[in-house]
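Heads up, the thing below is written out as structure tokens.
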Amino acid sequence: MCDAEKPVTPTTTEETPSVPGWVEPALDTILATLPFTTDKLAPLRASYLDCLAGCGRAGDLDMEHDACRKGFLRALVDTLGLAPDATRTLEQQLEKLELDISAQV
């Protein structure tokens, strides 16, 4: 007789990192100014938030946030064709958001 396989249970108790609760609404306000539908922005938004959440464990938040922002902007330009002027404006808004996050950590 074969033994039934037991389901694998995670062995870590570490919580999934997340951003402060005010960050998502603030980001949504910023993204609402872009000329793209929410469904097109959703995967890129989620990726950016995941990146920011992972920064909580990093030693240099400014450098880590910079990498998240640049990756997000690159994805918006490459995937959705965000215009250069809109990219610069968005970058400034994201920098301010990230500074606010860093100030609270």
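Annotations for the structure displayed:
- Considering residues of segment 58-68 that are in a helix (DSSP H, G or I) and surrounded by fewer than 17 Cβ atoms within 10 Å (Cβ to Cβ) only, the residue modelled with the lowest pLDDT: 62
- Remark: pairs (first residue in segment 25-50, within 21 Å of residue 101 (Cα to Cα); second residue of a type in the set (Val, Ile, Thr) and open to solvent by 40 Å² or more (accessible area, probe 1.4 Å); Cβ separation under 7 Å; 6+ apart in sequence or on different chains) = 44/79.
- Applying a threshold of 6 Å to beta carbon distances and a minimum spacing of six or more residues, or different chains, the list of pairs starting in segment 82-97 at a residue that is touching a residue at least 40 places away in the same chain (Cβ under 8 Å) and ending at one that is surrounded by 12 or more Cβ atoms within 10 Å (Cβ to Cβ) reads 82/76; 93/30; 94/69; 97/26.
- Residue in segment 48-57 that is of a type outside the set (S, T, N, Q) and either in a loop (DSSP other than H, G, I, E, B) or modelled with pLDDT of 95 or more (or both) present: no
- Within segment 20-32, the set of residues being outside any helix (DSSP H, G or I) and under 16 Å from residue 72 (Cα atoms) comprises just one member, 32.
The values are calculated or read from the model by the stated rules, or taken from the named source; none is laboratory data. Here the structure is a predicted model, which means the values were calculated and not measured. Note that we place each Cβ from the backbone using ideal geometry, even for glycine, and neighbour counts take in every protein chain shown. Remember, those area values only see protein heavy atoms, side chains included, never the ligands or the DNA or RNA. Shrake-Rupley method; radii C 1.70, N 1.55, O 1.52, S 1.80 Å.
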